């Protein structure tokens, strides 16, 4: 899979509300009422990611879940990351 150029990354981010560039990844933070809400979200997200065959990095801190997307094999962001971010945003608008 081909890595996106800096211009392509910025173009994709403009269409991905809530996502921001952090190093070689894009990130989005979701906040919930409590830990159980955060865990329910992660479990639903796991089904979406598994079906897509593209898995985000997930950091859970009590009621906050930070998602990170990058294509490790490509050494940065690819179209797969942008597509996964869009799918997450559609299912979980925040």
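Residue count for the range 28-57 under the criterion of being within 22 Å of residue 72 (Cβ to Cβ), in a helix (DSSP H, G or I) and in contact with a strand residue (DSSP E or B) (Cβ under 7 Å, 6 or more places away or on another chain): the result is 1. Reported count of residues in the range 45-66, each being within 19 Å of residue 32 (Cβ to Cβ) and without any contact (Cβ under 8 Å) to a residue 40 or more places away in the chain, is 14.
Among all positions in the range 67-77, there is no residue which is surrounded by fewer than 16 Cβ atoms within 10 Å (Cβ to Cβ), free of Cβ contacts under 8 Å to residues at least 24 places away in the same chain and in a loop (DSSP other than H, G, I, E, B). Note on the range 1-27: residues that are free of Cβ contacts under 8 Å to residues at least 60 places away in the same chain and in a strand (DSSP E or B) amount to 6. For residue 42, the conditions (1) within 25 Å of residue 1 (Cα to Cα); (2) free of Cβ contacts under 8 Å to residues at least 40 places away in the same chain all hold with the exception of (1).
Read the figures in this text as sums done on the coordinates, not as results from a lab. Bear in mind the structure is a predicted one, so any value in this text is a computation, not a measurement. Here Cβ is always computed from backbone atoms with ideal geometry, including for glycine, and neighbour counts include all displayed protein chains.
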